[in-house]
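Undergrad: Would you mind keeping the following structure in view while I ask a few things?
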Amino acid sequence: MVSRREFLQAVPLGALSLATVGAPLGLAAAPAPAQAEKPLAVEKIVALVGDDIPTRSIYLPHRLEEAIAGDTEVGDSYLHEGAVGKLEKRFAELLGKEDAAFMPTGTMANQVAIRILCGDRRHLLLQKESHVYRDEEDATPVLSGINPVPIEGGTGDSLVASIEAAFNQRSEDPYPLEVGAIALESPVRRLDGSTIALDTILRIAALAKKNGTGMHLDGARMLLMYGMEGFDPKTYAAPFDTVYVSLYKYLGAPFGAILAGDKVHIDRARHVRHIFGGTIYHGWPVAVLALQRLDHFGERFARVRAAGDALLTKLGSMPGIRIERVERGSNIATAVLEPSVADGLRERARRADILVGNPDNGRLHLTFNETLLRKPTAAIAQVFAT
C-alpha cells in the first residue's frame with residue numbers, strides 16, 4: 001500500500017526540472033552543476049507514477065490559450081456561467097445527475113456533501129482507509145459537528161456486513177447513533193486504487209434507504225475506472241445522492257472539483273460552499289482545462305487500461321519479476337523485483353525517457369496514466385530487462 005508521503009513524492013522533482021526553462025527577466029541563470037542530469041523532455045516521457053500527465057508550470061499560459069481556442073464566453077463571475085457553467089452541465093450529464101457545482105478542492109466537495117446529507121443526524125459511516133477519515137484531518141467534526149464512524153471492509157463484500165452491523169447496533173443501545181450518511185470512496189488511494197463493485201454498492205444503498213440514510217461517493221478518481229468491465233459513470237453514480245470527482249488528478253486542471261446531485265442538494269451545496277469560503281471570483285481557467293481533457297477521456301483511458309494490462313503481462317513473463325495486481329484495481333499494480341532487475345532500473349528507465357518510482361525492498365508500484373500510450377509496450381518493458 002502506498003503511503004501518503006510516498007504518493008506525494010512519486011514524481012521526483014528533479015525529473016521535471018525547470019532549470020532549462022530560463023531565468024527571470026534581468027537575472028542571469030545560475031550555471032548548472034557539472035554533474036547535473038539533463039532534464040527529461042516532459043512532453044515525451046512515459047511516467048509510471050501518478051494519475052495525470054506530468055507538465056511544467058511554465059506551459060500553463062499556452063495550455064490555457066489552446067483550451068480557450070478563441071472562445072470569448074469562457075469568463076465566469078463568482079462561479080456563475082461561462083466555462084464553469086459549461087463544466088457543471090457536462091458533469092451533471094456525465095454522472096446522470098440533475099445538477100453539479102464547482103468546488104475549489106476535493107476536501108470541500110466531500111465536506112459540503114457530508115454536511116448536507118447528515119443534517120441533524122450527527123454520525124457518518126465511512127471506510128477506515130478513506131480520504132475523508134485519514135486525510136482531511138478533523139474537518140467533519142470541526143466544520144459540521146458530525147462524528148465519523150470508521151468501518152472495516154475496505155472495498156470488499158465485508159463492507160456490507162460492517163455497515164449492517166453499525167445500523168443493527170443502534171437497536172441495542174439506549175442512546176442509539178443517528179447515522180445521517182454513508183460516505184464511500186472508490187477507487188481508494190490507500191488501497192492502491194482498489195474499487196468497490198457495483199453490486200456491493202447497491203447492497204449498501206439498500207441498507208441506506210431502509211434506514212433513511214444519505215449516500216455520498218468520494219469518486220475523486222472514479223473516471224480512472226474507464227475500461228473496467230461494465231463500468232459506466234451514470235450507472236456507478238446512480239445509487240448515490242451526491243458524487244465528487246476531481247478535476248486535477250487526471251483532467252489537467254491545477255485544482256478544483258465537481259460535486260453532483262439533485263437540484264435541491266446542489267442548490268444547498270452552493271450556499272454551503274459560500275459559507276466555507278469557496279465561492280472564488282473566477283474558476284474559468286480550471287474549467288476550460290478540465291473541459292478540454294474531458295473530451296474523449298473515457299476512450300483514451302480504456303486504451304490506457306488495455307496498454308497497462310499488456311505491460312503487466314509482458315513484465316510478468318520476464319525473469320526476476322513477479323506482478324501483483326490489485327483486486328478490482330483501477331490503475332495501480334505492484335512489480336516485485338529481484339535485485340538484478342531493481343539495481344539501476346531508474347537510470348535505465350531515465351535514459352529511455354521513462355519515469356519509475358523507487359523500489360522499496362524490491363516492491364515497485366506502477367501507476368498508469370495517459371503517458372503510457374506514448375511508447376510501445378515492448379519498449380517500456382525493455383528497461384526492466386537485465
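Undergrad: Pairs of Cα atoms under 8 Å, at least six residues apart: use those to get the relative contact order of the chain, whole percent.
TA: The value is 23 percent.
Undergrad: Excluding Thr386 itself, calculate the net charge of residues whose Cβ lies under 10 Å from the Cβ of Thr386, where each Lys or Arg counts +1 and each Asp or Glu counts -1.
TA: Working: positive: Arg348; negative: Glu338, Asp343.
Its environment carries a net charge of -1.
Undergrad: If you don't mind, there's one more thing I want to ask. Considering only Gln169, Gln111, Gln292, give the residue with the highest GNM mean-square fluctuation for the chain, with springs between Cα atoms whenever their separation is below 10 Å.
TA: Looking only at Gln169, Gln111, Gln292, the largest GNM fluctuation is found for Gln169.
Undergrad: Quick one: what Rg and Dmax do you get for the chain from the alpha carbons, in Å?
TA: 22.2, 73
Undergrad: Quick one: net charge around Pro285, please, counting Lys, Arg +1 and Asp, Glu -1 for every other residue with C-beta under 12 Å from its C-beta. Walk me through the intermediate numbers first.
TA: Working: positive: Arg63; negative: Glu65, Asp76.
Result for the local shell: -1.
Undergrad: Summing +1 for each Lys or Arg and -1 for each Asp or Glu, what net charge is found among the other residues whose Cβ lies under 15 Å from the Cβ of Gly320?
TA: +1
Undergrad: What is the dipole size for the range 279-386, taken about its Cα centre, with +1 at each Lys and Arg Cβ and -1 at each Asp and Glu Cβ, in debye to the nearest 20?
TA: 160 debye
Undergrad: Continuing with the same structure: What share of the DSSP beta bridges in the chain is antiparallel, in percent to the nearest 5?
TA: 55 percent
Undergrad: When the chain is modelled as a GNM with alpha-carbon springs shorter than 10 Å, which of Ser162, Ser340, Ser186 fluctuates the most?
TA: Among Ser162, Ser340, Ser186, the largest mean-square fluctuation in the Gaussian network model of the chain belongs to Ser340.
Undergrad: From the helices alone, meaning DSSP H stretches of at least four residues, give me the mean residue ellipticity at 222 nm for the chain, per-run term -39500 (n - 2.57), in deg cm²/dmol to the nearest 500. Before the final figure, lay out the partial values.
TA: On the way: 15 runs with 142 residues, N = 386.
My calculation for the chain gives -10500 deg cm²/dmol from helical runs alone.
Undergrad: Starting from the Cα gyration tensor of the range 105-174, take the square roots of the eigenvalues, sort them a ≥ b ≥ c, and report rounded, prolate or oblate (rounded when a/c is under 1.5, otherwise prolate if a/b is larger than b/c, else oblate).
TA: It is oblate, given that a/c is not under 1.5 and a/b is not larger than b/c.
Undergrad: Kindly flag which residue pairs out of Lys86/Lys263; Lys128/Lys234; Lys44/Lys249; Lys86/Lys375; Lys234/Lys375 have an alpha-carbon separation exceeding 23 Å in this structure.
TA: Table pairs above 23 Å Cα-Cα are Lys128/Lys234; Lys86/Lys375; Lys234/Lys375.
Undergrad: Pick from Ala101, Ala165, Ala257 the residue whose mean-square fluctuation is largest in a GNM of the chain, springs joining Cα atoms under 10 Å.
TA: Highest fluctuation of the listed residues: Ala165.
Computed from the coordinates by the stated procedures, all read-outs in this text should not be read as laboratory data. Predicted model, so just to flag it, every value in this text is computed and none were measured. Cβ sites come from the backbone with ideal geometry, for glycine too, and all protein chains shown count toward neighbours.
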